[in-house]
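Here is the structure we will look at.
FYI, it's all coordinate maths here, none of it is from the lab. Note that the structure is predicted; figures quoted are calculated from it, not measured. Because the Cβ atoms are built from the backbone with ideal geometry, glycine has one as well, and the counts that use them run over all protein chains shown.
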Amino acid sequence: MYTSSLVNQLKPSETLAAAAKARELRSRGIDVLEFTVGEPDFITPQHIREAAKAAMDAGHTRYTAATGIQELKQAICDAFRRDHGVSWKPSEVTVSNGAKHCLHNALVACCEPGDEVIIPTPYWVSYSALVELTGAKPVLVETAEKDGFFLSPEQFRKAITPRTRLMMLNSPSNPTGGVYPVETLRGLADVAVEKDITVLSDEIYDKLIYPGHEFRTFASFGEEVRKRTVIVNGVSKAYAMTGWRIGWTLAPENVSAAINKLQSQQTSNPCSVSQYAALAALNGPQECVSEMCREFAKRRDYVVSRLRAIPGLSFAEPGGAFYAFFNVSSYFGKPLGGGAAVLNATDFCTALLERAHVALVSGDAFGAPGYVRLSFAASMELLVRGLDAIEKFLAG
Ligand SMILES: Cc1ncc(COP(=O)(O)O)c(C=O)c1O
């Protein structure tokens, strides 16, 4: 039977594929040390779970407004003002089925076939695929480890053509953990205003920031910038709520109207019970967020110190999120883990999984050959065992 060429050309998500490979080994009784998954290893905090139960008992089990309940939209605006000092109106908010759905909505609402979307590499796996689904063309702009993997304003300016519709920004970044410095953001914002380019700013890791780093939302550089910004965020990472599937876009009214129209025809409302849980997350005590962040900070410090001690690896230290992204290319062509030499990062990850039973994701999935990503959203005990195994594997 015929299937669409637009879908046929899509690559399946490589992070999910890596997790599936690890599961397959585990089903054969092998103890796999897995660092592929991009989700907190904590259960959703109790007060949020209780709010969901109460919502069910109160009968919030039916369709809601297609773009989310008003109380949640208001809570999202209140939280944004509280955390970042920038005001949005509830009419500029769309609540969707997770941040990934929001990214898709925003791209479909803004892009047409023939448009260009600038994506700095390394980028989160789904960015280029989601752009391709709209018929627009991803324009990948390489950033360097020595620059913290940050796109410079000059690189942004150079990549703009008359067809450029949008630039996708992700700070803190998956996969690098990089938190854009305020001055770089300001420079990018100046270019966006001067060239009248919309910036789709994925801020899903904004609550996971480590000491010495500062998060700034892209919308915070004045009204001219906010008017050209679409923010994507959600409860998945900050409140350990990946399974609840609640994300949101904040966008100027004409863009949010387009997103609303799209969503009303496409999925209708995100899960009613999850919306009430998200409401409790935003309006409730925030200590759970800082506790989780403190725990991630300990793991980050541990992972960084272990990677630093291994010769031949290089990386930009993560300032946020829960990923370490390191260059293993100095090991290519050498025998590893008691087996043959590996040629590239994907080869490296396969050999590491088969010979040392450690699962990482290849940088090839993020447009960054030579690198691998380790998620430290895993227990300290697992990290210790995993890094021991990686060290041994690299020793030949
Ligand atoms: C950068 C980035 N954006 C968006 C998402 C999607 O989040 P959600 O689970 O809310 O769809 C992820 C999840 O890994 C991510 O890393």
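Restricting to the chain, compute how many DSSP beta bridges are antiparallel as a %, nearest 5.
50
Please express the shape of the range 332-396 as an equivalent ellipsoid: the semi-axes are the square roots of 5 times the eigenvalues of the C-alpha gyration tensor, given largest first in whole angstrom.
Working: eigenvalues 69, 51, 12 Å².
Computed over the range 332-396, the values are 19, 16, 8 Å.
If I stretch the segment between Leu382 and Asp347 completely, what's the gain in nm (0.36 nm per residue apart, minus their alpha carbon distance), one decimal?
Values: separation 35, 0.36 × 35 = 12.60 nm, distance 2.30 nm.
Between Leu382 and Asp347, full extension yields an extra 10.3 nm.
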Handout entry: All-pairs alpha carbon distance profile, the range 151-192, 5 Å steps from 0, percent
Key = 6, 20, 31, 23, 15, 4, 0
Problem - Separation of the Asn254 and Ser305 label points, Cα + 7 Å toward Cβ, nm - result: 5.4
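Quick one: if the Förster radius is 25 Å, what FRET efficiency do Ser13 and Lys227 give, using the C-beta to C-beta distance and rounding to 0.05? Intermediate values should be presented prior to the final figure.
On the way: r = 33 Å, r/R0 = 1.31.
Given R0 = 25 Å and the Cβ-Cβ separation, E is 0.15.
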Handout entry: HN-Hα J in Hz across the range 203-220 - Karplus 6.51, -1.76, 1.60, θ = phi - 60°, x for Gly and Pro
Key = 10, 5, 9, 4, 8, 9, 10, 9, x, x, 10, 10, 8, 10, 6, 5, 6, 8
Exercise for the section: Quote the FRET efficiency, to the nearest 0.05, computed for Gln74 versus Arg26 with a Förster distance R0 of 45 Å and r equal to the Cβ-Cβ distance. Expected result: 0.55
Problem - Gap separating the Cα centres of the range 8-44 and the range 289-366, nearest whole Å - result: 15
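Cα-based Rg of the chain per 2.2 N^0.38 Å, rounded to two decimals? Mind dumping the intermediate values first?
Values: Rg = 21.0 Å, N = 396, 2.2 N^0.38 = 21.4 Å.
Taking the Cα Rg and dividing by 2.2 N^0.38 Å, one obtains 0.98.
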Handout entry: Cα pair distances exceeding 27 angstrom across the range 61-283, given as percent
Key = 27
Practice task
Give me the distance in nm between label points sitting 7 Å out from Cα along the Cα-to-Cβ direction at Gln286 and Asp83, one decimal.
Solution key: 0.8
Handout entry: Principal axis box of the range 6-135, alpha-carbon based, largest edge first, Å
Key = 46, 45, 32
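Out of all DSSP beta bridges in the range 61-283, what portion is antiparallel? Express it as a percent rounded to 5. Please list the in-between numbers first.
Numbers: 8 of 26 bridges.
Roughly 30 percent of the DSSP beta bridges within the range 61-283 come out antiparallel.
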Practice task
Per DSSP H run of n ≥ 4, the term is -39500 (n - 2.57); total these for the chain, divide by its residue number, and report the mean residue ellipticity at 222 nm rounded to 500 deg cm²/dmol.
Solution key: -12500 deg cm²/dmol
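Calculate the FRET efficiency for Lys261 and Leu6 from the Cβ-Cβ distance with a Förster distance of 22 Å, rounded to the nearest 0.05. Can you show the working numbers first?
Values: r = 21 Å, r/R0 = 0.96.
E between Lys261 and Leu6, to the nearest 0.05, is 0.55.
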Handout entry: At 0.890 mPa s and 25 °C, Stokes D of the range 221-378 from Kirkwood alpha-carbon radius, µm² per second
Key = 129
Handout entry: Out-of-range pairs (alpha-carbon distance over 30 Å; input Lys158/Lys298; Lys207/Lys227; Lys73/Lys137; Lys53/Lys73)
Key = Lys158/Lys298; Lys73/Lys137
